[in-house]
Every structure is written in structure tokens, then in C-alpha cells.
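These notes are about the structure you will find just below.
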Amino acid sequence: MTADVTPGMTAEGAGRSTDAGVFRALFDANPDGVLLVDSGGSIVLANPAAKALLGYADERLIGMPVDGLVPDHAASVHAAHRRGYAHNPRARPMGTDMELSAKRADGSEVLVEIALSPLAGSGGLVVASLRAVGMYPRMQRALQRAHYSEHVVQVGRMAVDTRDPQELLGHVPQVVAQALRTDTVVVYLLDPTGTELALASSFGLAGAQRADARAADAQQANRADTPLGYVVAQAMPVIVADFAAEQRFEVPQTLLDDGIVSGLAVPLNDKGKVIGVLAARSRSPRNFGAEEVAFLVALSNLLATSLQRTQTEAQLSHAQRMESVGQLTGGIAHDFNNLLTVIQGNLQMLAEQAAVSGDRHCQQLVNAATRAGQRGAELTGKLLAFSRRQALAPQRVEPAAMLESLADMLRRTIGEHIHLEVHAQPGCPACRVDPVQLESALLNIAINARDAMPDGGALSFSCAGFDAGSARLPSEFPAELRAEASASSGSRQWVRMAVRDTGTGMSAAVRERAFEPFFTTKEAGRGTGLGLSTVYGFVKQSGGAIHIDSAPGAGSTVALWLPAIAAPQAAQTVARSTAPLGAGLRVLVVEDDADVLAVAVAFLEGLGCRLTACASADAALTALADALAAQAPFDLLFSDITLGPGLDGIALAGRAQALQPRLRVLLTSGYSKYLAGAAAPGASPAPPWPVLRKPYTQDELASAVAASVSQAIATPAAPATPAAPAAPAAPAG
């Protein structure tokens with residue numbers, strides 16, 4: 001067909017020729033595949049789009065039966081439909097959801113939508129238009145979503161199956177690069193301080209960047225003027241259309257040198273906190289849209305959840321191990337206390353024997369053994385502190401004197417590269433706190449300060465008193481103490497003891513988590529993450545608060561706020577008295593360990609007491625009933641708390657006072673959880689009677705007995721009178 005006008009043609013003929021040329025041009029230019037089919041089902045014409053869609057590069061489609069374009073499984077059905085259409089030809093547009101499959105020249109199938117238009121007066125010619133369904137934007141988006149979803153499912157399955165986060169970290173960049181068809185993908189994780197981003201895994205960097213560039217990219221500062229830091233600061237996906245034209249942050253020259261043009265980065269979020277960045281980058285211009293962002297966000301959430309799960313499992317496992325070790329050490333300490341009671345008690349009685357007291361060499365041997373026993377008792381105290389079963393023993397503490405003493409010790413051990421000084425307010429009030437635990441807390445903070453100054457610096461201790469209602473109260477005064485002061489009548493006095501260093505300081509993120517158990521910024525093997533959490537627990541238990549003021553590069557100040565004592569308390573001491581505590585003082589002694597019982601009996605007899613010794617609670621109740629029947633009641637019950645199977649010492653005391661309300665009670669135990677002030681997880685409430693800590697000396701026993709006899713009678717809130725008491729869980733001893 002041609003649009004040329006030849007000589008001799010009429011104007012009307014030339015016009016028809018021109019129209020035919022235009023129509024043929026339109027036929028060829030149609031983006032849909034167009035076939036002209038005769039009444040017999042043969043293809044008369046096919047435009048280029050149809051040939052491309054069906055895979056025919058030449059004129060082989062011309063004269064071919066249209067049924068040959070139908071897949072074999074649908075050929076018979078299609079033939080019937082075609083015959084029916086020939087009897088009733090009508091226009092059938094696209095968009096009727098009648099999607100068919102067409103067979104291409106190579107035998108493959110393509111999903112198509114077909115429109116049919118009969119040509120009037122043409123003898124049965126039909127125009128068939130074909131369009132690949134995949135060309136629809138909505139279908140392309142659906143296919144893209146399905147493509148992305150398939151990769152998300154793949155990573156999700158791996159996140160469930162694998163217990164190694166490194167395996168998942170290494171796999172995600174490859175999945176992202178394959179799905180988004182990008183050149184490089186990187187995963188960076190924030191370090192615990194929040195100041196640095198470390199390269200955790202990557203894809204496409206090995207052959208794309210020089211070794212020195214890769215080394216430089218392995219650790220990047222977390223600053224808002226960098227590509228990664230900007231994502232962390234925004235805490236939302238960031239799309240870069242052209243890195244060369246980027247104005248929101250500075251683009252590293254290494255990225256431009258590597259030819260990176262476009263990029264998409266999303267934050268890794270763990271419980272609302274950004275812990276890293278997942279970034280995909282391309283060397284060709286890319287238009288990342290909502291589908292790509294949603295895909296990358298889904299993968300980042302999976303990755304962050306997996307990392308958080310692994311970290312939580314590790315912390316839980318560590319906590320369980322610590323709890324098991326704590327239970328073990330607590331039990332060992334209890335048994336060891338019984339042994340020390342026997343050892344120290346016998347040594348003390350041995351030292352008082354005439355044959356020993358008159359022999360200098362024997363005295364030296366006994367004294368050496370006694371000192372060893374005392375060191376054993378100190379070791380037991382450390383075991384109890386480690387197991388967090390140590391009871392607090394609050395007493396008057398002079399802050400200035402304690403800080404001077406602590407500073408003297410640290411000057412000899414902390415190193416000459418650190419300058420140490422003490423600033424004590426004149427007249428700083430005393431506070432009521434456990435001095436051992438306070439010293440341990442200050443020492444813990446000082447060691448952290450030393451570690452923050454590896455190249456040297458200044459460390460200072462300070463103490464000062466403050467009135468909660470004073471106008472000069474510093475702004476750092478803890479909010480919980482301020483609220484307490486406002487709610488109470490009158491003013492409360494507080495002592496602020498602070499440790500300041502000129503070290504590396506802490507970021508806001510680190511300050512937020514500083515008191516969390518197991519959180520540490522130190523490298524593996526150098527910190528447990530229990531130091532400041534233990535200090536926090538001690539300060540809160542003491543009725544105070546703790547505050548940290550710090551910033552990166554500006555050092556840190558850790559301040560302990562403790563309740564002050566308004567006026568000095570009179571010292572209460574009970575001097576040892578080998579004279580009888582009182583004529584006729586009758587004591588019922590209960591101890592299931594025979595050796596410990598022998599020591600207790602010897603000590604009490606030495607104090608002039610009249611004794612009845614029992615090895616179990618049942619025997620003690622029988623002895624008590626017999627004494628009451630004989631109208632010779634006991635004055636004091638002295639019992640170990642842990643008595644083996646049956647009633648423990650606390651239940652025994654309740655039963656005994658139910659039988660004899662005027663009976664005084666003194667308990668003893670090697671388990672510090674029974675002492676007043678115990679703060680161990682799962683610690684029992686302190687019993688309503690005094691508890692003497694094992695191991696004890698004769699002096700300590702004498703003081704405890706004297707105090708018990710002189711004080712008002714303590715009775716439990718609800719007398720323990722169960723019909724069938726439960727056996728205690730603690731081991732015998």
C-alpha cells in the first residue's frame with residue numbers, strides 16, 4: 001500500500017490511496033498487537049507489536065490459523081468460541097476481565113487480554129487486539145509486590161530458622177541487591193555509645209571499591225551531616241535521586257569515585273530506637289518508589305527483630321547463669337558460715353584455756369588460725385554480695401571522712417596518670433547508709449571513671465549537704481526526691497556525694513541505659529554491665545537517688561543523693577561481759593548442726609545461762625511444753641532459722657510464742673536474706689525477731705542475748721499455727 005498519487009489517477013482514487021496509507025501507518029504504529037483474521041480463522045495481517053509479542057520476527061504469522069496461537073490445552077475450547085462468534089459477531093472491548101494465554105513462537109505462554117471488532121461489509125473480517133497483561137501499571141506493581149514479598153518471606157523463614165544473627169546479617173544484603181537490582185548494599189550497626197556506625201555486612205563492595213576506601217567505610221561517625229548519620233537522625237527512610245546533587249548532607253568522595261548515583265536507606269529500629277542502617281545504592285539513576293521503600297523497611301524490621309531476639313536470648317541466658325551462680329554461692333556461703341562458727345568458736349574457747357594462754361607459741365598458732373577464720377568470714381561476705389544476698393547494715397557515715405579514706409587508697413592504686421582530689425563541704429552532714437556498700441559503690445564508679453581516661457585526666461570526689469526546700473538546690477536534684485519533699489511536711493536534708501572525671505563521657509543513649517543490668521560499653525571480657533545497676537539498686541534501697549551528668553568528650557559526673565542525719569546518734573555498744581547475764585536465765589537452744597550446737601552451748605554456758613539444747617523444732621516444742629507444764633518456762637529461744645525437714649526457726653518461734661507469749665526470741669542464720677535490709681531477689685521478709693549473723697563470736701552472742709532480753713517482746717503479725725507446716729526449701733544446716 002502507498003500514499004503516492006500516480007499519473008492518470010483521479011483525485012478520488014488518489015484520496016483513497018492516501019487514506020489507506022494513513023490507516024496502514026496507524027495499524028503498524030499501534031502499541032497493542034493487532035491481527036486481522038478472515039472468516040476461516042486465518043491471519044491476514046499482523047502489525048509489528050503483534051509479531052514482537054508473539055515472538056515472530058518475519059511474515060510467518062500471515063496465513064497462519066489463529067488457533068495456532070492458542071495453547072494446546074485450550075485449543076478445542078477456543079475453536080468452539082470462535083465458531084460461535086462467527087455466527088454472532090459483535091464488538092468486545094478489553095477490560096472485561098477475560099484474560100487468555102497466547103502461545104508464542106518458542107512454545108512459551110504469555111498472559112494477554114483480547115479485544116474483538118468485526119469489520120462491517122468486509123465479508124467476515126475481524127480485528128483482534130492483543131495486550132500483554134504484564135504491561136498494565138497495576139499488574140506491574142502487583143508483580144513487583146509479589147516479587148518483593150517472595151524475598152521478604154525468604155528472609156523471614158531464615159530469621160526463624162537460624163540462631164546465628166551473623167548468618168542473617170550476611171544474607172540480607174545479597175537478597176536486597178537481587179530484589180532491587182542495585183550494585184551495593186550495606187548494613188551498619190550503631191555501637192553502644194551511639195557515636196559510631198560499624199559495617200556489619202555488605203554486598204558488592206569487594207570488587208567495587210579500593211581496599212583503602214573499604215577500610216575507611218568500615219567505621220563511620222554517627223553525624224547528621226553524613227549519609228548514614230542523616231538516616232539515624234531522621235529515623236525514617238531516605239531516598240537519594242542523585243548523590244552528586246545532594247544538599248541534605250555531605251557525600252563522601254569515595255561514593256562519587258565509585259560511581260554511585262542513586263540510593264535508598266532505611267533505619268533499623270529496635271523498640272523505637274535506631275540501632276543501625278540498611279542502605280542500597282545504584283550506579284545508574286533509579287527512581288525508588290513506595291514499593292521499594294516498603295520492601296526495604298520490611299527487611300530492616302525483620303533484621304532488627306532477629307538481632308534483638310538474639311541479644312535478649314543471650315542476656316536471659318546470662319541472667320539465668322548469674323542467678324544459678326548466685327544461688328550456688330549463697331548456699332556455699334551458708335554452709336561455710338556454719339563451719340566458721342565452729343572453727344572460730346572453738347578457737348576462742350581454746351585461746352581462753354590456761355594451758356594455751358600461758359604458752360606464747362600456742363597463742364601465736366591460735367591467733368593465726370583466728371585471723372584465717374576472720375578472712376574466711378570476709379570471703380563469705382563477698383560471696384553473699386556477689387550473689388546479691390547481702391543484707392544492708394545502715395549506720396552513721398561521715399561522707400568527708402569516707403571520701404578522704406577512699407581517695408588515699410585510690411592514690412596508691414589508680415595510677416600516676418590520673419590526678420585525684422577531694423572537695424568536702426565544711427560541716428557536711430552525716431548520712432545513714434551501709435558503709436561497706438557505699439564504699440563499694442563509690443569504688444565502682446571510680447573504676448569506671450579511670451577506664452574512661454586511658455590517657456590520664458582528673459578524678460574528683462565531693463560531698464555537700466542540701467535542704468530539699470532550699471532555693472540553692474541544684475537543678476539536677478532528682479525529680480522523685482523533689483516530689484517526695486513537696487508531699488511531706490517540713491524539709492528533708494540530703495547529702496550529695498559525687499564522682500567527676502574528665503574522660504570520654506557518655507552520649508544521651510548511653511546515659512539512658514547506664515543503669516540497665518548487663519549493659520556495658522566496654523569490650524568483651526572487661527565489663528559485666530552489673531556495676532552501675534548494682535549501685536543504682538543500693539542507692540534506691542537506701543532511700544536515695546542517683547543522677548548522671550555527661551556528654552561525649554565532656555567527662556561524667558555521677559552523683560549519689562542519700563538521706564542525711566540531722567543530729568549525731570549516741571553510740572550503742574555492748575561490751576563483752578563474761579559475768580552471767582542474769583541468775584536463772586533459761587535458754588532453749590535449737591540447732592541441727594551438732595558442732596555448731598556445741599559451740600552455742602559452750603558460749604551460753606560461759607555467759608552463765610541455763611540451757612536446754614535441741615536438734616530439731618519438734619524436740620524444741622516438746623521441751624517447751626514440758627517446761628510450761630513444770631511451771632519452769634524458758635526466758636529465751638535461741639534458734640537457727642534453717643533446721644532441716646519440718647518447721648524452720650521462724651515457724652518454730654511463732655509456735656513457741658503462741659504457747660508462751662512472754663518468750664523472748666533470738667534467731668541466727670548464715671543466709672543473709674533473713675536479715676533486716678536484705679535486698680536479694682526472692683528474699684524473704686525479715687522475721688519480726690532479731691537475727692544474729694553466722695559466724696558469731698561469744699561477744700556478739702552476748703550482745704544479741706542482752707538486747708533480746710531487754711527489748712519489748714516481738715510477736716509475729718499472725719502467729720504461725722498451721723496444722724501441717726511446709727518444709728523449708730533451704731538445705732539443712
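First select every other residue whose beta carbon is under 12 angstrom from the beta carbon of residue 180; then total the charges, Lys and Arg +1, Asp and Glu -1. Local net charge: 0. Within the shell defined by Cβ-Cβ distances under 14 Å, the residues around residue 402 carry a net charge of -2, with Lys and Arg each +1 and Asp and Glu each -1.
Taking all protein chains together and rolling a 1.4 Å probe, residue 59 ends up with roughly 110 Å² accessible. Using the Cβ of residue 651 as centre and a radius below 15 Å, the other residues enclosed give a net charge of -3, where K and R count +1 and D and E count -1. Solvent exposure of the range 229-293, expressed per residue, is 46 Å² of accessible area, with all protein chains present and a 1.4 angstrom probe. The share of accessible area on the range 215-271 that comes from carbon and sulfur is 52 percent, using a 1.4 angstrom probe.
Rolling a 1.4 Å probe across all protein chains gives residue 205 an accessible area of roughly 20 Å². Solvent exposure of the range 42-124 amounts to 57 Å² per residue of accessible area, where only protein heavy atoms count and the probe is 1.4 Å.
Scalar couplings 3J(HN,Hα) for the range 605-610, obtained by applying the Karplus form with A = 6.51, B = -1.76, C = 1.60 to θ = phi - 60°, are 5, x, 8, x, 8, 9 Hz; x denotes Gly and Pro. Normalised per residue, the accessible area of the range 616-661 is 36 Å², obtained with a 1.4 Å probe and no contribution from ligands, DNA or RNA. Using a probe of 1.4 Å, the accessible surface attributed to residue 628 totals some 60 Å² when neighbouring protein chains are kept in position.
The values are calculated or read from the model by the stated rules, or taken from the named source; none is laboratory data. Keep in mind it's a predicted model, so treat the numbers as computed, not measured. Virtual Cβ from ideal backbone geometry, glycine too; neighbours counted across all protein chains shown. What goes into the accessible areas is simple: the full protein's heavy atoms, side chains included, and nothing from ligands, DNA or RNA. Shrake-Rupley method; radii C 1.70, N 1.55, O 1.52, S 1.80 Å.
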